[in-house]
Amino acid sequence: MDELLAEFLTETNEFLETVDTQLVQFESDPTDSETLNNIFRLVHTIKGTCGFLGLPRLQFVAHAGETLLGKFRDGTIEATPDSVQLVLESIDRIKEILADLETTGQEPEGDDSALIGALERAAEGKTEAKPVEAKVEVKAEPEPAAPDNADAIPVDENGNKWDKDLGRFLKPGEVSLAELEAAFMAADVEEISPKSEAVEAPAPVPRNPEDRRGGTERRTTARDEDDDAASKAGGVSAQTIRVNVDVLENLMTMVSELVLTRNQLMQMVRNNSNSEFKAPLQRLSSVTGELQDSVMKTRMQPVGSAWKKLPRIVRDAARDLGKKIDLVLEGEATELDRQVLELIKDPLTHMIRNSCDHAIEKPADRAAAGKNETGTIKLNAYHEGGHIVIELSDDGAGLNTARIRDKAIKNGLVTEEQAWTMPDAQIHRFIFAPGFSTAQVVTNLSGRGVGMDVVRTNIKLIGGEVDLQSNEGKGTKFFIKIPLTLAIVSALVVGAKGQRFAIPQLSVVELVSAGGSSEHKVETLNKARVLRLRDRLLPLMSLSGALCIEGAEDDIKDNNSTQFVVVMQQAGIMFGIVVDEVFDTEEIVVKPLSSAVSGVKAFSGATILGDGSVIMIIDPQSIARAVGETEEHTSEEADSRQKSVKQEAKKDDIESLIIFRAGGEEPKAVPLGVVTRLEDLDVSTFEQSDGKTLVQYRGSLMPIVPADPYTNIKTSGNQPILVFTHNEHAIGLAVDEILDIVEEKLDIEMATDKGGMLGVAVIKGRATEILDVGYHLSNAITDWDKPIKKEEPKNIVLVERNPFFRNLLSPLLKAAGYNVEAVDTVSAALVCAEYQKPTAILADIDEDRNSALRLLDDERTAGAPVVALSGSSEADAQEFAALVRKSDRYGLISTIEYATKKGLAA
Amino acid sequence: MNATALKSDDMVVSDFGTQEFVTVHVGDQILGVGVKEIHDVFAISELTPVPGARKEIAGVLNLRGRIVTAIDARVILGLPPRENGYVGVMAVGVEHKGESYGVLVDSVGEVLRLKDSEFEANPINMDAKWKSISRGIYRLEGKLLMTIDIEKLLVQSN
């Protein structure tokens, strides 16, 4: 009996999910008889099974629901939202009872008469006493269970009656339990015996579902053509079997082991080149790979299975809130790991509810905003790389940026200055901040709020990410990016203090080398180490320090030797972890830690590598936390919880700054030191050429560029200009108004991605944008310079032993208009120089500084300046005309130009 | 004495009033672990330390494809630490709640069948650390054998 009950529960729960979805679908299109038939069939099946199992409450409720559905079906009653609601309520009641049944094994006590009454009243809406008539059909119930002999009799007995009115479906349902019971006990033996067998004897029990289906089919052929779908469904289900999840999990574990063992074997054989095991091992390897894939597939489920409940949720929410909402589901067939699926179900449901509640406006408001009264929530899933992306978009009100900003400032998540210079997108992300999740906020804030931090945390737990885009008035789109599976992850194996660790590849952004001859330098702020990486300061921490390995203090060496930095991103923080060694990336099987070590937050698990050794898997989140903590301890100013925080100047550096206005009210500033002159020029002297504004200035043409790209240069009167000179070229920066010159500590607080800006600093109590002069100069001058460059072909000899750099630098130089002769030795360079008459020679001084020096004295170079190339900007190059770093693209060209000019002048 | 033995909760008293123990040595002390609790005995060949874990956790190791957490009995008993690292150290493999543990000991001796009549509760003046993992004492000839309650040992280290 238990087994039967368990099967009934599993099956019924599955049915109910489908019923929910289908009912919502039906409600939106009451003419869809196909859907109605499906629903009908499902409810009927549930009811039928309850009868066998002696579950009176369930049976009565299902029966009443079915009666009403029957009326929908034969068109006697129109399906109104209210009546559909009633059916849904009966389904909910069934679910409740089932839940109790599952835990206790007993049908709970309770009274469903109100619900049943309501259902009956709805069903009686137009028709006469149907239920009474139904009582006649008591004996129809055993029919499906007794296909062998009982089939024909009830049909003959009662068939005519229902066929007229309702069709067969209603007939088994109209049973009052007492009568049914009585019928079982007392009625003619012929009919009852197969039935009671089904209940008592274990053998026929598993056949029950089949029998029922069989019954349906039989009757289909007899009477009901539109039931074809049912038999088809039966055909499909025959190709699938139910497997206990534990079995699959176990299988997965075993396969993981197999993969590891295979890896071990492979490693052993790899070291032994002519091993006889090679061929069989190759086969084993490929079979194992396929096995792994197949087993992974068994764990995969279409994402749609996690979405089944959503239509109902949206419908109910819409009804409660008095809104009209359509839910569009796309990409339901996209598959992902069962485990992952389970974990995203709740966050997704939560987000959908939020969308209904906060995003979609009331119909009246939507109409007022010129939108369709019915709001749309769209869910889309698709594969992208090793990830699944789930997009949840709505066409609702969008996030209210101003309110979120205010709230963020109030909660102390940002300073006021930061908040006002932040892009909207960044402000929107504050809805994921923990402080944004109180109920109070939600009502005040017409955006989302409740528990979005929980949503994000849950998604992060499975290595996913969530982000959003919002347009005020137009809607919001959330992106959830999650890994396909959790069982096997790709990890970077690194070494610290002689021990190896695995860092999940998902959180690794890149690997850079720092210190030594590398171009990246480690710098120090108080005790905090930072790395200057592409104009960003990256907080650094040694892995051994973060893990508190003994003797790890001051593990980051100061630029004397090269060290590896793993740049990681976690929880919006970018940071660098200094490791001693970097080994390899490996596919690893994550094994949970035993409870004795699970308290160590730094690790999320352990794994066995191909060589059989166990290594710990680092939890990026806890490392991020460790980095954050040190930051707070060591220096307040390294307050880089927002990754955009950037610091250029030391605390007591006082700079003279010129403050001006350009495009907008907010002040802008440049360091006074870089400004050559301030001018106020009459715009009538400006000339246009090649789409550029030029002015004759001190005997040469000077391009004028607006300081703010969106502001035009004045067309009348005088234009204030900041003149900068660079390599004897001048450019004028057109500004609206020069405000002031101040002496202030330049503390750039916010880095920006906007071209032409270094960032924002607080100057005289106001947030002031600091202009990147170099950006404007290079823009204006390279453009401006190019036509002249073409006139004289310039030859360059590049001496570089390393083919990598030779190949890297040659195209760069060619792009800048040089003819490049790239050679690998100084001798070859001298030969080239003799007939090429180069304007400059570029020579590597890292490899062989002494030969490079020969270039200086040899007359064959004809006095062409020799520019030293080095990996480091601090190399000793005083004999040479100039020094340039190999990786400095921009500096390379300008340094050559500079050296050439200097050479000519000399 | 028999009564005492029966009182200690999960002691399985055999029909003959005896029980089998595997003897292990930690420092100068001879300890006994119930035969049924031991899954295997192995020597450590490679051990991965777990930085940040409690000090009695020597590390984790791979035992035939399973990850085993090694717990050093010396540390639990408050004895001076091992000087020569963990390689070659003997371990007793036990399971607890589906997880595999290895208890590191100095050496593994023999299997002894001990009479319940020789069993005695922990002396009240015993070190608290020892008492917390001991089931009781057997009086052997010329020495005392402390029986280890593996469950308590593991739970304590949790």
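The values are calculated or read from the model by the stated rules, or taken from the named source; none is laboratory data. Note that this is a predicted model, so its numbers are computed, not measured. In this analysis, Cβ positions are derived from the backbone assuming ideal geometry, glycine residues included, and neighbour counts consider all displayed protein chains. All accessible areas refer to the heavy atoms of the entire protein, side chains included, with ligands and DNA or RNA removed. Shrake-Rupley method; radii C 1.70, N 1.55, O 1.52, S 1.80 Å.
Facing chain A (nearest Cβ under 10 Å) and modelled with pLDDT of 85 or more, is that true of B:Val105? No: the conditions fail for B:Val105. Scanning the stretch A:607-616 for residues that are closer than 16 Å to B:Pro49 by Cβ and either of a type in the set (Lys, Arg) or assigned to a loop (DSSP other than H, G, I, E, B) (or both), we see that the one that is nearest to the other protein chains (Cβ to nearest Cβ) is A:Ser613.
Has the stretch B:114-126 got at least one residue that is farther than 26 Å from A:Val597 by Cα and in contact with an Asp or Glu (Cβ under 9 Å, 6 or more places away or on another chain)? Looking through the stretch B:114-126, at least one residue is farther than 26 Å from A:Val597 by Cα and in contact with an Asp or Glu (Cβ under 9 Å, 6 or more places away or on another chain). Residues in the stretch B:148-157: is at least one within 11 Å of chain A (Cβ to nearest Cβ), free of Cβ contacts under 8 Å to residues at least 60 places away in the same chain and surrounded by 14 or more Cβ atoms within 10 Å (Cβ to Cβ)? Yes; the residues of the stretch B:148-157 include at least one that is within 11 Å of chain A (Cβ to nearest Cβ), free of Cβ contacts under 8 Å to residues at least 60 places away in the same chain and surrounded by 14 or more Cβ atoms within 10 Å (Cβ to Cβ).
Condition check ((1) open to solvent by 60 Å² or more (accessible area, probe 1.4 Å); (2) within 14 Å of chain B (Cβ to nearest Cβ); (3) outside any loop (DSSP other than H, G, I, E, B)) across all residues:
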residue	(1), (2), (3)
A:Met254	yes, yes, yes
A:Val259	no, yes, yes
A:Arg262	no, yes, yes
A:Val269	no, no, yes
A:Ser275	no, no, no
A:Gly289	no, no, yes
A:Lys297	yes, no, yes
A:Leu336	no, no, yes
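Does A:Leu492 count as buried (at least 18 other Cβ atoms within 10 Å of the Cβ), away from chain B (no Cβ under 14 Å) and in a strand (DSSP E or B)? Answer is yes for this residue. A:Lys601 meets all of the listed conditions (1) under 19 Å from A:Glu523 (Cβ atoms); (2) among the basic types (Lys, Arg); (3) modelled with pLDDT of 70 or more but one, namely (1).
Please go through the stretch A:819-835 and pick out each residue that is crowded, with 18+ Cβ neighbours inside 10 Å and out of contact with any helix residue (DSSP H, G or I) (no Cβ under 8 Å at 6 or more places or on another chain). Once the filter is applied, which keeps residues that are crowded, with 18+ Cβ neighbours inside 10 Å and out of contact with any helix residue (DSSP H, G or I) (no Cβ under 8 Å at 6 or more places or on another chain), the stretch A:819-835 yields only A:Cys832. Residues that are modelled with pLDDT under 80, outside any strand (DSSP E or B) and among the aliphatic types (A, V, I, L, M) were ranked within the stretch A:669-723; the one that is farthest from A:Ile741 (Cα to Cα) is A:Ile713. Evaluation of B:Ala70 against the conditions (1) of a type outside the set (Ser, Thr, Tyr); (2) away from chain A (no Cβ under 14 Å); (3) without any contact (Cβ under 8 Å) to a residue 40 or more places away in the chain shows that the sole unmet condition is (2). The residue that is nearest to the other protein chains (Cβ to nearest Cβ), among those in the stretch B:39-66 that are open to solvent by 30 Å² or more (accessible area, probe 1.4 Å) and either under 14 Å from B:Asp106 (Cβ atoms) or β-branched (Val, Ile, Thr) (or both), is B:Ala43. What number of residues in the stretch B:21-38 are surrounded by 15 or more Cβ atoms within 10 Å (Cβ to Cβ) and among the charged types (D, E, K, R)? Selection size over the stretch B:21-38: 1. Scanning the stretch A:442-461 for residues that are modelled with pLDDT of 75 or more and open to solvent by less than 10 Å² (accessible area, probe 1.4 Å), we see that the one that is farthest from A:Ser355 (Cα to Cα) is A:Ile459. The residue list A:Leu399, A:Leu348, A:Leu341 contains one member that is assigned to a loop (DSSP other than H, G, I, E, B) and open to solvent by less than 20 Å² (accessible area, probe 1.4 Å), which is A:Leu399.
Here's the yes/no breakdown for (1) within 19 Å of A:Ser113 (Cα to Cα); (2) open to solvent by less than 30 Å² (accessible area, probe 1.4 Å); (3) in the same structural domain as A:Ala318 (by TED's automatic domain parsing); (4) not hydroxyl-bearing (Ser, Thr, Tyr):
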{"position": "A:Glu17", "(1), (2), (3), (4)": "no, no, no, yes"}
{"position": "A:Thr21", "(1), (2), (3), (4)": "no, no, no, no"}
{"position": "A:Ile39", "(1), (2), (3), (4)": "no, yes, no, yes"}
{"position": "A:Gly51", "(1), (2), (3), (4)": "yes, yes, no, yes"}
{"position": "A:Leu69", "(1), (2), (3), (4)": "yes, yes, no, yes"}
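Just one of the listed residues (A:Ala882, A:Ala852, A:Ala864, A:Ala843) is open to solvent by less than 20 Å² (accessible area, probe 1.4 Å) and more than 53 Å from the chain's Cα centre (by Cα), and it is A:Ala864. With respect to the conditions (1) more than 14 Å from chain A (Cβ to nearest Cβ); (2) buried (at least 18 other Cβ atoms within 10 Å of the Cβ), B:Val94 lacks only one, and its number is (1).
Taken together, A:Lys324, A:Lys309, A:Lys378, A:Lys371 contain a single residue that is more than 21 Å from the chain's Cα centre (by Cα), surrounded by fewer than 18 Cβ atoms within 10 Å (Cβ to Cβ) and free of Cβ contacts under 8 Å to residues at least 60 places away in the same chain, which is A:Lys324. When the residues of the stretch A:595-606 are filtered to those that are part of a strand (DSSP E or B) and within 8 Å of chain B (Cβ to nearest Cβ), the one that is nearest to A:Glu519 (Cα to Cα) is A:Phe603.
Looking across the stretch A:570-594 at every residue that is part of a loop (DSSP other than H, G, I, E, B) and open to solvent by 50 Å² or more (accessible area, probe 1.4 Å), the one that is farthest from the other protein chains (Cβ to nearest Cβ) is identified as A:Ala571. Screening A:Glu141 against (1) at pLDDT 50 or above; (2) in contact with a helix residue (DSSP H, G or I) (Cβ under 7 Å, 6 or more places away or on another chain) leaves a single unmet condition, (1).
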